[in-house]
Amino acid sequence: MALPTSRDWIFSIKTFCASMLALYIALKLELPRPYWAMATVYIVSNPFVGATTSKALYRTLGTMLGAAASILFVPPLVETPFLLCGAIALWMGVMLYLSISDRTAKSYVFLLAGYTLPLIALPTVTDPSTVFDVAITRTEEIVLGICCATVINTVILPNRLAPLLAERTRAWFRDAAFYATETLAARALGKDALACRLRMAATLNGLEVLLSQLSYDHTRPDVVRHTYQLRGRMGILLPIISALADPTAFLGKSEFAGKAALNTLLADIARWIEATKQHPLSDETVDLHRTGDRLRAEIARAEPPRDSLESWDHALVSSLLGRLRMLVDLWEDCVSLHHAIAEDDLDDWAPQFRHWRVGGVGRFFDRGIMAFSTLSAVSAVFLACVLWVESGWPDGAAGVSLAAVACCFFAALDDPAAGVFSFFTATALSVVVAGLYLFLVLPNMHDFAMLVMVFSVPFICVGTLMPSPRFSLMATLVALNTATFISIQSAYDANFDVFLNGNLSALVGLLFAYLWIRVTRPFGSELAARRLIRSAWEDVSMAAASDPVADARPLSARMLDRLLQLLPRLAVTDEQNHPSIDSFRDMRAGLNTIDLQIERDRVSPVLREGIDRVLSGVHAHFENCVTRNTRVTPPPTLLNMIDSVLGDSIKATLAGAPLDLMHTLVSLRLAVFPNTPPPASLKAGVPT
């Protein structure tokens, strides 16, 4: 375990100061629950200004929305407790579903609105006339904590998101360079390369939330816009590099005219990528744009003569060169855009990669899993409410409220039970710490300065762990729950029976939530991965349908987004038929199918009929996978269809037609039929 850095200590001290400031003001204003202001600081604080500001804004809006709902529901339904329980659970479910449908920082509005309702409504059911006052004061306490956290984090040694974004982007470029060079060397299926590809996907997923917070970090709108463009191109680069794996591996085992020149070109591109992977460039003798132009010229010169394309090897070389051109254009775009953002020189940036795939904003959501996750949380809260009402436990509202919070916090995870158990563990630890403070330490405190002194050591030490992804959840929960359970008031008034009863209720509620989720959601990431793969087949089938989607960019963006969600759920392995490898081929099949739909409208009627047969075969194959809910071997008839149209496209190319259709068919063949012998209709190749 690495020791906390100076940055971690600074963040922790700032957070503690903000919490003490919030507590002091709340005590001075004589708010009924000043400890909520202190606890709120630990909820919203983040090492970065943009994240803290966005979280503060959305928490305020969510709290106000949840408070308004409590005022709306409690008075008319308090006489019908089961109806009130149902209304609370239903409200929470709707807000939770909206929250997990938004993968940006704005999701916090709905998350807070969902679990704020039970936190306010349930403790007031015995005296519904107080619900308005409780809602108002709770909102005041939370807004006070939010303001203190935001002001302290913004004014005192502010830590911006931009350096973190730059750091993660640099790490992505290092991984992308390694993955590209390994692929160009025909080693794309090694464990190191596959692990690198997994890190690239994880980085891209993490950038989505960071970018949604960037505009709150005092970053100029044009920088935010170009950063989104950079992230989009970084995503497209991943399948482009993957598309080089099969042809480089196949050609590496073949002997054909021009193989030495092709290997030299691949090595030149790999060296260029390696030399330009960081900012500033490690090798100042390399000119990004001039070398990119030279490589594009070399790619054009390496294009096999048209009369040699009847050789499978040369047709494959031509297709590979087309993908290499995409790689060079995309890499130059990514590097130059990264440099332009870092150097604040965006006016002169112009893209090299101009393709229909750029600009897609589609996102994939597994609505079935989302609905089931929501239903599991709703049923847990409703059943907990019913058990509380039936038991007549006066302090049972605390358990139901924390069960609702836990269910909301972890609903989006594949295995939420593990998170809920961590919540339970942190809460149990907080109960012990709060009890020691409440009954042993605080009776000896006589002013606020002494209170700050006795709080400083444990809260600052715990706060240093909050920036660490490994310990962030537990540290935040311990700080939050400890501040809440101590329940600082303007005058010391601790009762052991009340303390034990209320906190025992909280632990029972969390334990119930854990057991309920363990029973209702035992599937883990395996079910989510299977559903993602099945959905990918559905999209390829849709892309090959006779009435394809009108705009292909959202569909391709959804395919990529799904792939980025799938990769972290799969183990790293070099098995040839592992889902992590097959899923990339599925995506390439989908993208090439869309390309085929585009090429269909540009060719002669004879070729169009053949393309329609191929599209129909692709549609039938992937529809068969969906129907059987398992990956099936594609039929030989589809291979024959592709080879037949490939032969016709080569003849059209010999007559002067563009190379695009041939490249698409070659790539589609490699994606659907990897490791398959060359087409019998084409020549074996021209020996060197």
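Measuring nothing but protein heavy atoms, the accessible surface of region 145-200 at 1.4 Å probe radius is 61 percent carbon and sulfur.
Only one residue of MET445, ILE156, LEU112 has its Cα farthest out toward the positive end of the dipole of the chain, where Lys and Arg carry +1 and Asp and Glu -1 on Cβ, and that residue is LEU112.
The charge dipole of the chain, taken about the Cα centre with unit charges on the Cβ atoms of Lys, Arg (+1) and Asp, Glu (-1), comes to about 680 debye, rounded to the nearest 20. The lysines whose alpha-carbon is closer than 21 Å to the alpha-carbon of LYS651, local same-chain residues fewer than 8 away aside, are LYS683. Between the amide H of ALA188 and any residue lying 5 or more places away or on another chain, no distance stays under 5 Å, with hydrogens modeled in the peptide plane.
Compared with the alpha-carbon gap, the fully stretched path from HIS279 to ASN495 is longer by 71.7 nm at 0.36 nm per residue. At 0.36 nm per residue, minus the direct Cα-Cα distance, what do HIS289 and ARG531 gain on full extension? Give it in nm, one decimal, please. Separation in residues times 0.36 nm, less the Cα-Cα distance, equals 82.9 nm. Rounded to the nearest 10 degrees, the angle from helix 288-302 to the longest Cα principal axis of the chain is 40 degrees. The modelled label-to-label distance between ASP102 and LYS259, using points 7 Å beyond Cα along the C-beta direction, is 5.8 nm. What's the angle, to the nearest 10 degrees (0 to 90), between helix 552-566's Cα axis and the longest principal axis of the chain? Between helix and principal axis, roughly 60 degrees.
With loop membership from DSSP and a limit of 10 other Cβ atoms within 10 Å, the longest segment of the chain without GluC sites (Glu not before Pro) is 344-688. Distance between the C-alpha centres of region 470-484 and region 1-65: 12 Å, rounded to the whole angstrom. If one computes the Cα centroid of region 89-152 and of region 295-348, what distance in Å separates the two points? Comparing the Cα centres of region 89-152 and region 295-348, I get a distance of 52 Å. Extension gain, ASP601 to GLU303, is 104.8 nm, computed as 0.36 nm per intervening residue step minus the present C-alpha separation. Packing here is the average count of other Cβ atoms within 10 Å per residue, and on that basis the peptides 404-413, 38-47, highest first, run 38-47, 404-413. Counting only Cα atoms, region 274-355 measures 49, 27, 15 Å along its principal axes, largest extent leading.
Average accessible surface for the chain: 42 Å² per residue, computed with a 1.4 Å probe over protein heavy atoms with every protein chain in place. Compared with the dominant Cα axis of the chain, that is its longest principal axis, helix 6-28 is turned about 40°.
By the Cβ-Cβ criterion of under 4.7 Å, the unpaired cysteines of the chain are CYS17, CYS147, CYS148, CYS196, CYS334, CYS407, CYS408, CYS461, CYS625.
Report summary: the helix-based calculation at 222 nm, which adds -39500 (n - 2.57) for every DSSP H run with n ≥ 4 and divides by the residues of the chain, gives -24500 deg cm²/dmol.
Between the listed residues THR276, LEU383, THR264, the Cα displaced farthest toward the positive end of the dipole of region 243-386, a dipole computed from Cβ unit charges relative to the Cα centre, is found at LEU383. Just the protein heavy atoms count here, and of the accessible area of region 245-351 at 1.4 Å, carbon and sulfur take up 49 percent.
Straight-line reach from LYS55: which lysines fall under 23 Å, measuring Cα to Cα and dropping same-chain residues less than 8 apart? Candidates past the 8-residue exclusion: LYS14, LYS106.
The values are calculated or read from the model by the stated rules, or taken from the named source; none is laboratory data. Owing to the predicted nature of the structure, the values given are computational and were not obtained by experimental measurement. Cβ coordinates were reconstructed from backbone atoms using ideal geometry, including for glycine residues, and neighbour counts include every protein chain displayed. When the accessible area is computed, the model is the full protein with side chains, heavy atoms only, and any ligands, DNA or RNA have been set aside. Shrake-Rupley method; radii C 1.70, N 1.55, O 1.52, S 1.80 Å.
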